[in-house]
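Some notes on the structure that comes next.
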Amino acid sequence: MAEHLVYITRQIPAEGIELLIEKGFKVVVHDPAQGPGRDEMHHWFSQASAVVTLLSDQIDRDLISHAPHLRIIANYAAGFNNIDLQAAADFGIRVSNTPDVLTAATADLTWALILGVAKRLVESDDYSRHGLFTGWAPQLLLGREVTGKTLGIVGAGRIGQAVGRRAAGFEMRILYTSRSPKKEFEQATAARQVSFETLISESDFISFHCALNQETRYLLNRDNFNMVKPGACIINTARGPVIEEKALADALKSGQLSGAGLDVYEHEPQIEARLLKLPNVILLPHIGSATTETRAEMSRIAARNIIEFFNTGRLLNPVL
Ligand code: DGY
């Protein structure tokens, strides 16, 4: 096999890099913690046969059209909204992602946020650390019940369904939206497919798991926020722009929402300034898939897609 150059835009777990080197690929990794600048991206895209990219790298037409040897973009993420797929298709470049492996990690984190917001964990921890805990009190830091409440899953794909299955222990009523009915999921959890409007108006916990695309950008926005059930909690471990962040901050501030748990942001990594000041929001730095096991497997999957492509012309996890 001719030596192919693989450019990796950030240091990822070694597992995938080692696989590529073992198979004879020449690998260049951008090492500094902050991402490569535009010039560096152009430099390596113009030489590489394959690239491993992160969800924070904008792979646009300009980069793609200046990559004469590029055959495959292996995105180190399940989501791929950072890649201009039309441009990739126009230049005959294949795209892969890393689905499945991060389902459990992201569903677990979603539950950490549901419980963390409902039980006011961060506020309570802060309270204790600041020496304010002077003894048990009947009305101290009252949270919300989760058991028996309604969970609304926006986008019942792999992760949404995994979140729903984890709700069984909390005896929750489950509503979901999806392009197609999920019969097995319904049988396993008694979940009911409903419209987005019904879901937001009836759910106590509204959890976003849809992909970001033109249909889902600002799915929850200033115009439909008034349909959200008063006192609901919003959880987002999908992509920030599915919610209009300023409208979310308003709803939290006014008390229309009782809380929110966010792992993703509209203008990531920037966070709406007002959210930073609100005590009823938990703000995480996009760590849905951040377990040692999952990130190592994501690294292997990105590498395996590249290896498979140059061996057989096929992808294991094709997006395009
Ligand atoms: C993804 O893979 O799309 C997650 O957002 C990060 O792991």
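The values are calculated or read from the model by the stated rules, or taken from the named source; none is laboratory data. Since this is a predicted model, take the numbers as computed values, not measurements. In this analysis, Cβ positions are derived from the backbone assuming ideal geometry, glycine residues included, and neighbour counts consider all displayed protein chains. Side chains included, ligands, DNA and RNA excluded: accessible areas come from the protein's heavy atoms. Shrake-Rupley method; radii C 1.70, N 1.55, O 1.52, S 1.80 Å.
Listing for the model above:
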quantity: Net charge dipole size for segment 1-152 [Lys, Arg +1 and Asp, Glu -1 on Cβ; Debye, nearest 20]; calculated: 360
quantity: Positive-pole candidate from L275, L151, P181, dipole of segment 103-283, charges at beta carbon; calculated: P181
quantity: Which of H30, V319, I306, positive extreme of dipole for the chain (C-beta unit charges); calculated: V319
quantity: Ranking by accessible area, most exposed first, for F80, F205 with a 1.4 Å probe; calculated: F80, F205
quantity: Percent breakdown of C-alpha pair distances by 5 Å bin, ordered from the shortest bin, for segment 219-320; calculated: 2, 11, 18, 17, 12, 9, 8, 9, 7, 4, 2, 0
quantity: For the chain, diffusion coefficient by Stokes-Einstein and Kirkwood Rh (Cα), 20 °C, 1.002 mPa s, µm²/s; calculated: 102
quantity: Segment 32-80 - convex hull of alpha carbons, volume per residue in Å³; calculated: 77
quantity: Å² per residue, accessible surface of the chain at 1.4 Å; calculated: 48
quantity: Flagged links, alpha-carbon separation over 26 Å, of K182/K229; K149/K277; K119/K229; calculated: K149/K277
quantity: Dipole magnitude of segment 213-320, debye to nearest 20 (Cβ charges: Lys/Arg +1, Asp/Glu -1, about Cα centre); calculated: 60
quantity: Dipole moment magnitude, nearest 20 debye, the chain about Cα centre, only Lys, Arg, Asp, Glu C-beta charged; calculated: 620
quantity: Gap separating the Cα centres of segment 52-105 and segment 143-176, nearest whole Å; calculated: 31
quantity: Percentage, to the nearest whole number, of Cα pairs in segment 137-212 over 16 Å apart; calculated: 46
quantity: Proximal charge balance of A190 [Cβ under 11 Å; K/R count +1, D/E count -1]; calculated: 0
quantity: Accessible surface of the chain, 1.4 Å probe, proportion on carbon and sulfur as whole %; calculated: 52
quantity: Those lysines that a straight Cα-Cα span of less than 22 Å connects to K26, excepting residues fewer than 8 apart in one chain; calculated: none
quantity: Under the Debye formula (equal points on every Cα, no solvent term), log10 I(q)/I(0) of segment 61-140 at q = 0.11, 0.13, 0.24 Å⁻¹; calculated: -0.56, -0.63, -1.08
quantity: Residues with amide H under 5 Å from that of V29, placed H, sequence gap 5 or more; calculated: I8
quantity: Two-decimal ratio, segment 103-283, of alpha-carbon radius of gyration to 2.2 N^0.38 Å; calculated: 1.01
quantity: Ellipticity estimate at 222 nm from DSSP helix runs (n ≥ 4, -39,500 (n - 2.57)) divided over the chain, nearest 500; calculated: -10000 deg cm²/dmol
quantity: Signed unit charges on C-beta, dipole axis of the chain, positive-most listed residue N81, T134, Q47; calculated: T134
